[in-house]
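Below is one structure, written out as structure tokens, with a few remarks after it.
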Amino acid sequence: MANASNGSKKLWRYMPLISLVDFLQTKELRLPRADLFEDIQEGFIGLDALLETIPPKLFPQAKEAVEKLNRQSFVSCWHLSSSESLAMWKVYGGHAYSVALVSSIGKVSSICHDYCKDLSAAGMFGEVIYENYVSNEVLNVATMGIPFGYGELPISSATQVLFMKAKAFSYEQEWRLVIRKSSEDAPAIRVPAPNLNEFIEAIYISPEAPEWMVLAIKRLVSQQFGLANIPVTKSPLSKHFGN
């Protein structure tokens, strides 16, 4: 199973330029609600695995619990890798006007810990698995709970169903953080990231971006937002596109 506690590992977030601008302006990480994801199987791949670990008489309650979990869970999804992924640029970058923000497990989990530390919310983070969901009648997922420092997991272990996806998505190499707020019915929550110079390790610009766009984004980050210490570069994968 994955080591969920390796805080120095790199996380990548591929996004349209407008999403980066929103993040830089608000200094808030947006976590959409799980039941509003495009993949309508969110949570239900994990439900099938969960049903393998409980008595049949509990199946109806488990299904209701997962449906409720999806309505109360807010998810931040990242690509876990030491380097760029051309597939992720194609699927989530979308076009030449896109970027990839680089952070780390430690930095993302830290701001979410601060958000949850008053215990009005609780979370869980770890790597998504795409096969072998159950081992010895136990869900085969390695996760950690937030806020940190509590003897018991501050969030229901059933939340692990949100860390299982179909094998067809394995190229995503996804790491995710889930925050559960039973009192929240908004389509998303926003987690403050007050120190962007600390949170953002680098910004890469689409390998298909024209040079004028690269210069414009560099000026935007360093001059308009005053983040001159954050490296902003065009993706080295641009050599594959002849730009």
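The values are calculated or read from the model by the stated rules, or taken from the named source; none is laboratory data. All figures in this text were calculated on a predicted structure; none of them were measured in a lab. Positions of Cβ are backbone-derived with ideal geometry, glycine not excepted, and every protein chain shown enters the neighbour counts.
Checking the stated criteria, L86 turns out not to satisfy the condition of being among the hydrophobic types (A, V, I, L, M, F, W, C) and over 30 Å from L215 (Cβ atoms). Filter the stretch 101-131 down to the residues that are modelled with pLDDT of 90 or more and in a loop (DSSP other than H, G, I, E, B), then identify the one that is surrounded by the most Cβ atoms within 10 Å (Cβ to Cβ). It comes out as V128. The strands (runs of 3 or more DSSP E) found entirely in the stretch 1-83 that carry 2 or more residues being at pLDDT 90 or above and more than 23 Å from Y171 (Cβ to Cβ) are 28-32, 73-80. Within the stretch 64-86, the set of residues being within 17 Å of the chain's Cα centre (by Cα) and more than 20 Å from M164 (Cβ to Cβ) comprises S82, S83, E84, S85. Going by what's in this entry, would S98 be described as surrounded by fewer than 15 Cβ atoms within 10 Å (Cβ to Cβ), under 18 Å from the mean Cα position of the chain (by Cα) and over 17 Å from R33 (Cβ atoms)? Judged against the criteria, S98 is not a match. Of the strands (runs of 3 or more DSSP E) lying entirely inside the stretch 171-243, those containing at least 2 residues that are within 22 Å of the chain's Cα centre (by Cα) are 174-180, 188-192, 202-205.
When the test is whether a residue is closer than 23 Å to D48 by Cβ and in a loop (DSSP other than H, G, I, E, B), I155 passes it. Scanning the stretch 188-197 for any residue that is basic (K, R) and under 30 Å from A121 (Cβ atoms) turns up at least one such residue. Among the residues of the stretch 108-125, those identified as farther than 16 Å from R30 by Cβ and either within 16 Å of the chain's Cα centre (by Cα) or among the polar types (S, T, N, Q) (or both) are S109, S110, H113, S120, A122, M124, F125.
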